[in-house]
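Structure first, then comments.
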Amino acid sequence: MNKGKIKGHDLRSLAEKQLQGKTAETSAPASEEQARRLVHELEVHQIELEMQNDELRQARLTLETTLAKYTDLYDFAPVGYLTLERDGRITEANLAVTTLLDTVRSKLVGRRFALFVAPGARAAFNAFLAKTLEGQISESWEGPMLSERATPLFVRIEALTCTSGLKCRVAIIDLSLRRHLQLELARTHAELVSHDARLKESNIKLEAFNYTVSHDLKGPLATINGFAELLELELGNETSEKARSCLDFIRKAGRKMNELLEDLLEWSQTGRTVNLVDNLSLAAVTAEAVELLHIQIEARTADIRISDSLPLVKGDAKRLREMMQNLIENAIKYANPLTRPLVEIGEENSANGWTFYVRDNGIGIPAAYHEKIFDLFERLHTDRDGSGIGLAIVRRIIEEHGGRIWVESAGEGHGSTFFFTLSTGSDLQSVSPEEE
Ligand code: ADP
């Protein structure tokens, strides 16, 4: 029991003793009137005491609620709170700290906090603590703590020295999950970079192989074609109908194979490097592509409309011309047989930058092929000439420029629109073909 505290019955006997003393000092009431006044006084005094008692009970209740609130706030806070002495010893710690360090409060209080920091990071932590105590300003530190958990414990510590300069208040925030994810992300990124490098290397090798094979095959093919022609001449009119048709097949197959080899060679030569220049006029590049296609355009009396507000872009003129030529040529090639081809080349500007398009009123492309047609040798309409390389080249050129290409079409008979993005650099002025 507390020394200064007096139990209920002790208090009573003390009061009685005091009263006896007082009774001895004071003489008995002189009259009945005096006795009545005394009783009244006592009754009032008793009521006063009861009121005081009520107030005290109320104050105790408030105190208890405040204490409960404080305990709840401090102990059950989602963040660890500690108080450290100047020498780094723990004087107080809330429940979050015990959970975080997987220990009990009795094993924390009185020990130096640095002992719970991972050994490799202790020197850095001590330096941080010394700086905090010196400066009396809020400081923070991030580092690993000792832990038995599978995931290493990594925390952020915010510390502030009390105004007395004798203690330091510390908050600990668990960053283990964030740290784990950061490390995972860095590892995946490194893996991706190395994968990408290997992929690039293997692509270069494949392209070199492709080039060598297509180049080397051209020689024997020329021999086959040459000898087929020679044989036809040699046999002259004496050739039977069957032999003539066989020779015809050989020559057609030879021509087709030659075309394929030419396209493959072009594909492997579509270099990965682009010679980028700023402020390149896409309008001029498009006009050149149209000029190169004048035979096809005239043959189908195609209507080609180029927007007069195409902006300047950052790009390689030769490659972009090749890209435009391919897209416009396809727009004419895959036109509806009974409709005059209409090809519109334009731009759209949005918050994400410029998007360009080549739109036609042709035979359209079913949704299932919107991705595939950009792959090598993928052809949808085999009734028309072609080898399925054009769009693969177009995609490669756009990607080498850091852009994206895709097609939109409501399906067969509804035309197609090829969209692509390009960097426009800092200068976004637009120049019409006439201005150049
Ligand atoms: P190619 O024209 O030599 O077949 P591409 O790679 O240029 O090769 O095109 C691949 C396929 O995409 C074409 O065979 C065709 O089926 C389809 N295609 C391309 N452009 C269009 C277009 N503007 N309209 C409809 N289909 C198209």
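Some points to look at:
- Counting the residues of the stretch 232-245 that are part of a helix (DSSP H, G or I) and surrounded by 14 or more Cβ atoms within 10 Å (Cβ to Cβ) gives 1.
- Any hit, the stretch 263-278, residues being within 22 Å of residue 379 (Cα to Cα), of a type outside the set (D, E, K, R) and over 37 Å from the mean Cα position of the chain (by Cα): yes
- Condition met for residue 326 (at pLDDT 95 or above and under 30 Å from residue 203 (Cα atoms)): yes
- Strands (runs of 3 or more DSSP E) wholly inside the stretch 71-166 that include at least 1 residues being out of contact with any helix residue (DSSP H, G or I) (no Cβ under 9 Å at 6 or more places or on another chain) and surrounded by fewer than 14 Cβ atoms within 10 Å (Cβ to Cβ): 90-93
- In the stretch 87-107, the residues that are over 14 Å from residue 159 (Cβ atoms) form Cβ pairs under 7 Å with partners that are among the polar types (S, T, N, Q) and in a helix (DSSP H, G or I), at six or more places apart or across chains, as follows: 104/98; 105/98.
- Considering the conditions (1) at pLDDT below 95; (2) among the basic types (Lys, Arg); (3) more than 28 Å from the chain's Cα centre (by Cα), residue 340 is excluded by exactly one of them, (1).
- Search result, residues across the stretch 358-368 that are under 30 Å from residue 277 (Cα atoms) and either of a type in the set (Val, Ile, Thr) or within 7 Å of the ligand (Cβ to nearest atom) (or both): 358, 360
- Every residue from the stretch 333-348 that is under 12 Å from residue 416 (Cβ atoms), part of a loop (DSSP other than H, G, I, E, B) and of a type in the set (A, V, I, L, M): 335
- Within the stretch 317-335, if we keep just the residues that are farther than 17 Å from residue 404 by Cβ and among the charged types (D, E, K, R), the residue that is farthest from the ligand (Cβ to nearest atom) turns out to be 318.
- Criterion (within 12 Å of the ligand (Cβ to nearest atom) and either of a type outside the set (Ser, Thr, Tyr) or assigned by TED's automatic domain parsing to the domain that holds residue 265 (or both)) met by exactly one of 371, 348: 371
- Any hit, the stretch 393-401, residues being in contact with a strand residue (DSSP E or B) (Cβ under 8 Å, 6 or more places away or on another chain) and near the ligand (Cβ under 8 Å from one of its atoms): yes
- Odd one out for residue 343 among (1) within 16 Å of the ligand (Cβ to nearest atom); (2) among the aliphatic types (A, V, I, L, M); (3) touching a residue at least 60 places away in the same chain (Cβ under 8 Å): (3)
- Scanning the stretch 266-316 for residues that are without any contact (Cβ under 8 Å) to a residue 60 or more places away in the chain, closer than 30 Å to residue 205 by Cβ and surrounded by 17 or more Cβ atoms within 10 Å (Cβ to Cβ) yields no hits at all.
- The stretch 349-367, subset of a type in the set (Phe, Trp, Tyr) and either surrounded by fewer than 21 Cβ atoms within 10 Å (Cβ to Cβ) or outside any strand (DSSP E or B) (or both), residue farthest from the chain's Cα centre (by Cα): 357
- Looking only at residues of the stretch 382-391 that are surrounded by fewer than 20 Cβ atoms within 10 Å (Cβ to Cβ) and touching a residue at least 12 places away in the same chain (Cβ under 8 Å), we find that the one that is nearest to the ligand (Cβ to nearest atom) is 386.
The values are calculated or read from the model by the stated rules, or taken from the named source; none is laboratory data. Quick caveat, the model's predicted, so the values are computed rather than measured. Note that we place each Cβ from the backbone using ideal geometry, even for glycine, and neighbour counts take in every protein chain shown.
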